[in-house]
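The values are calculated or read from the model by the stated rules, or taken from the named source; none is laboratory data. Note that the coordinates shown come from a computational prediction; the quantities given were computed from them, not determined experimentally. Here the Cβ positions follow ideal geometry from the backbone for every residue, glycine too, while neighbour counts run over all protein chains shown.
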Amino acid sequence: RSIEHDLRGAIANNELSLAYQPQAQVETGEVNGFEVLLRWNHPARGNVPPALFIPIAEESGLILKLGEWVMREACREAATWMRPLTIAVNVSALQLTSDGFVEFIEATLGETKLPSHRLEIEITETALVRDPNRALHSLQRLKAIGVNIAMDDFGTGYSSLSNLRAFPFDKIKIDRSFIQAVHANPQAAAIVRAVLGLGRGLGLPVIAEGVETAEELRFLGLEGCAEAQGYLFGRPAPIKEFVPLISANV
Ligand code: G
Ligand code: G
Ligand code: MN
Ligand code: NA
């Protein structure tokens with residue numbers, strides 16, 4: 001049986017779940033939100049990595065159904081939290097440019113009663129090149145209803161700088177490949193500094209991905225990076241592992 005065939009039945013068979021990864025303030029370590037990452041527990045293969053099944057879902061169009069499932073589950077979950085933390089959901093090119101995507105987001109926020117400013121969507125640059133006009137139109141409408149828009153994996157795509165100007169981003173996520181090389185590689189450190197300067201100049205907050213060590217965090221603090229995400233603060237895990245963070249009075 002093919003991955004695509006099995007993925008088709010994964011929602012109905014209850015094989016999908018969401019992992020949540022904390023996003024924290026660099027200065028204080030305080031958690032202000034989570035990124036949501038899809039997990040697939042296949043009955044025979046076990047955990048299938050998203051790097052394997054997401055591209056298959058995108059090529060087959062299944063990402064539309066999977067993406068709707070992720071968005072609904074994430075908004076429903078976040079709406080139950082005592083603390084008004086944000087949730088960042090990855091959105092593929094096909095979703096962003098599909099008919100009715102903005103209406104779907106509006107309906108989901110309405111049904112779950114999640115305030116729009118608590119939802120952030122993460123878009124990679126490859127999502128923009130597919131159909132830039134449609135992507136821009138969707139992003140402008142989402143921004144108008146108060147949804148935040150983050151550029152994901154910044155630095156790994158192409159024509160990043162013109163995209164920052166042409167599309168209404170609210171945040172830049174520096175790709176983890178730069179963060180993880182920051183101490184071994186002066187070029188990576190220079191690139192991280194430059195992206196932080198770019199963020200300051202454009203008035204866009206920057207979040208560093210893949211922060212694993214206290215040294216990396218210290219570097220980011222010294223360079224003025226406000227927010228970080230990575231194993232240092234927590235691995236992607238079921239929300240039950242983060243109950244103290246989502247409850248009041250922590
Ligand atoms: O932990 P990690 O292996 O979860 O994720 C690998 C990649 O899969 C991430 O870089 C992310 O872009 C992608 N991914 C994870 N969950 C989702 C999702 O719900 N939707 C989309 N489009 N991509 C996802
Ligand atoms: O959407 P995006 O490409 O940003 O997905 C985040 C990916 O990065 C997920 O696969 C997640 O499991 C992974 N990740 C998150 N934090 C770390 C980290 O500190 N180190 C490493 N190696 N991977 C991480
Ligand atoms: Mn992401
Ligand atoms: Na991504």
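Under the condition of being under 30 Å from residue 247 (Cβ atoms) and either more than 19 Å from the chain's Cα centre (by Cα) or surrounded by fewer than 17 Cβ atoms within 10 Å (Cβ to Cβ) (or both), which residue from segment 40-55 is farthest from ligand 2 (Cβ to nearest atom)? Per the criteria, the residue is 41. Condition check for residue 121 on (1) among the aliphatic types (A, V, I, L, M); (2) surrounded by 18 or more Cβ atoms within 10 Å (Cβ to Cβ); (3) over 23 Å from residue 208 (Cβ atoms): one failure, at (3).
Give the residues of segment 224-241 that are part of a strand (DSSP E or B), more than 15 Å from ligand 3 (Cβ to nearest atom) and buried (at least 19 other Cβ atoms within 10 Å of the Cβ), sorted by residue number. Explain how you work it out, then say what you get.
First, the residues of segment 224-241 that are part of a strand (DSSP E or B): 227-229, 237.
Next, from what is left, pick out any that are more than 15 Å from ligand 3 (Cβ to nearest atom): 237.
Scanning segment 224-241 gives no hits.
Out of the residues in segment 12-38 that are outside any strand (DSSP E or B) and touching a residue at least 12 places away in the same chain (Cβ under 8 Å), state the one that is surrounded by the most Cβ atoms within 10 Å (Cβ to Cβ). Per the criteria, the residue is 26. Taking the numbered list (1) under 22 Å from residue 192 (Cα atoms); (2) more than 13 Å from ligand 4 (Cβ to nearest atom); (3) in contact with an Asp or Glu (Cβ under 8 Å, 6 or more places away or on another chain) in turn, residue 124 passes all entries but (2).
Which condition does residue 3 not pass, out of (1) touching a helix residue (DSSP H, G or I) at 6+ places or on another chain (Cβ under 9 Å); (2) modelled with pLDDT of 95 or more; (3) surrounded by 14 or more Cβ atoms within 10 Å (Cβ to Cβ), if it passes all the others? Among (1) touching a helix residue (DSSP H, G or I) at 6+ places or on another chain (Cβ under 9 Å); (2) modelled with pLDDT of 95 or more; (3) surrounded by 14 or more Cβ atoms within 10 Å (Cβ to Cβ), the lone unmet condition for residue 3 is (2). Just checking, how many residues over segment 129-160 are within 15 Å of ligand 3 (Cβ to nearest atom) and either aliphatic (A, V, I, L, M) or in contact with a Lys or Arg (Cβ under 9 Å, 6 or more places away or on another chain) (or both)? Looking only at that region, the number is 7. Under 18 Å from residue 90 (Cβ atoms), surrounded by fewer than 16 Cβ atoms within 10 Å (Cβ to Cβ) and of a type in the set (Val, Ile, Thr), is that true of residue 156? Considered against the rule, which asks whether it is under 18 Å from residue 90 (Cβ atoms), surrounded by fewer than 16 Cβ atoms within 10 Å (Cβ to Cβ) and of a type in the set (Val, Ile, Thr), residue 156 comes out as yes.
Scanning segment 179-203 for residues being within 15 Å of ligand 2 (Cβ to nearest atom), touching a residue at least 12 places away in the same chain (Cβ under 8 Å) and more than 12 Å from residue 223 (Cβ to Cβ) gives a total of 2.
I need the full set of residues from segment 140-152 which are within 16 Å of ligand 1 (Cβ to nearest atom) and either surrounded by fewer than 19 Cβ atoms within 10 Å (Cβ to Cβ) or touching a residue at least 60 places away in the same chain (Cβ under 8 Å) (or both), in order please. 150, 152, listed by residue number.
Return the only residue of 127, 88, 74, 107 being closer than 29 Å to residue 158 by Cα, among the small types (Gly, Ala, Ser) and modelled with pLDDT of 95 or more.
Details: 127 fails: modelled with pLDDT of 95 or more; 74 fails: closer than 29 Å to residue 158 by Cα; 107 fails: closer than 29 Å to residue 158 by Cα.
Answer to the selection: 88.
Restricting the search to helices (runs of 4 or more DSSP H) fully inside segment 153-213 and requiring at least 3 residues that are of a type in the set (Val, Ile, Thr) gives 186-202.
Within 12 Å of ligand 1 (Cβ to nearest atom), of a type in the set (D, E, K, R) and either in contact (Cβ under 8 Å) with a residue 40 or more places away in the chain or farther than 25 Å from residue 228 by Cβ (or both): which single residue out of 83, 45, 76, 72 fits that description?
On the way: 83 fails: within 12 Å of ligand 1 (Cβ to nearest atom); 45 fails: within 12 Å of ligand 1 (Cβ to nearest atom); 76 fails: within 12 Å of ligand 1 (Cβ to nearest atom).
The unique qualifying residue is 72.
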